[in-house]
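Values quoted throughout were computed directly from the atomic coordinates according to the rules given, and no laboratory measurement underlies them. Please read all numbers here as calculations on a predicted model, not as lab measurements. Counting neighbours? That spans all protein chains shown, and the Cβs are built from the backbone with ideal geometry, glycine included.
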Amino acid sequence: MSSTTIRPVTKEDEAKWREYWAAYNEFYKRTISEEVTATTFSRFLDDNVQMFCAVAEDESSRQIIGFATWFPHMSTSKINGVVYLNDLFVDPNIRSKGVGGKLIDHVYDHAKNVLGAESVYWLTQHFNHRAQLLYVKKATKSDFVHYSKNL
């Protein structure tokens, strides 16, 4: 594999992003409606919305090989905001070759240098062991337990 460039998503990336988005949601056993998918992608392109998406692009083939999404929010425990790394997906055919780490580093850089955030955090499913092999190299695993309720 050649070098990888991380860059903001563009309208031209939508078809490949949707392909990976579907695979990502299938992995997590969730169904996301077309309305939510379309709205989510449009938010990435809206300068008035602080929801971000970057894609990993193979420099030689110019093919999209992964993506990350994130957004900032305020915190009661910090003066500056924090960033939630919402989604991270790398093409299964090229995993374990550094692309996921580059996407995470891109989020770190954007969070610190553009958004002025103090920290980045994310969640993963307990069964996502392969991803956790990367995550423990990139961040500290917290002791928090996550609770959720659909309304």
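Positive end of the charge dipole of region 4-138 (Lys, Arg +1 and Asp, Glu -1 on Cβ, about the Cα centre): tell me which of Phe27, Cys53, Ile65 has its Cα farthest that way. So the residue furthest toward the plus end is Phe27. Once the Cα-Cα distance is subtracted from the 0.36 nm per residue extended length, the Ser96 to Lys78 segment shows a gain of 3.1 nm.
Explain nothing, just the number: dipole magnitude of region 25-151 about its Cα centre with +1 on each Lys and Arg Cβ and -1 on each Asp and Glu Cβ, in debye rounded to the nearest 20.
Details: 14 positive and 14 negative charges, 114 e Å.
For region 25-151, the charge dipole is close to 540 debye.
Checking the cross-link pairs Lys16/Lys112; Lys29/Lys138; Lys16/Lys138; Lys112/Lys149; Lys112/Lys141; Lys97/Lys137 against a 22 Å limit on the alpha carbon distance flags Lys16/Lys112; Lys29/Lys138; Lys16/Lys138; Lys112/Lys149 as lying beyond it.
For region 37-96, relative contact order (Cα pairs under 8 Å, six or more residues apart, normalised by length) works out to 24 percent.
Computed on the Cα atoms alone, the convex hull of the chain gives a volume of 138 cubic angstrom per residue.
Highest mean first, the peptides 80-91, 119-130 sorted by other C-beta atoms within 10 Å per residue fall in the order 80-91, 119-130. Sparsely packed loop sites in region 28-112 (the trypsin sites (Lys or Arg not before Pro) outside DSSP H, G, I, E and B with at most 15 other Cβ atoms within 10 Å) comprise Lys29, Arg30, Arg62, Lys78, Lys97.
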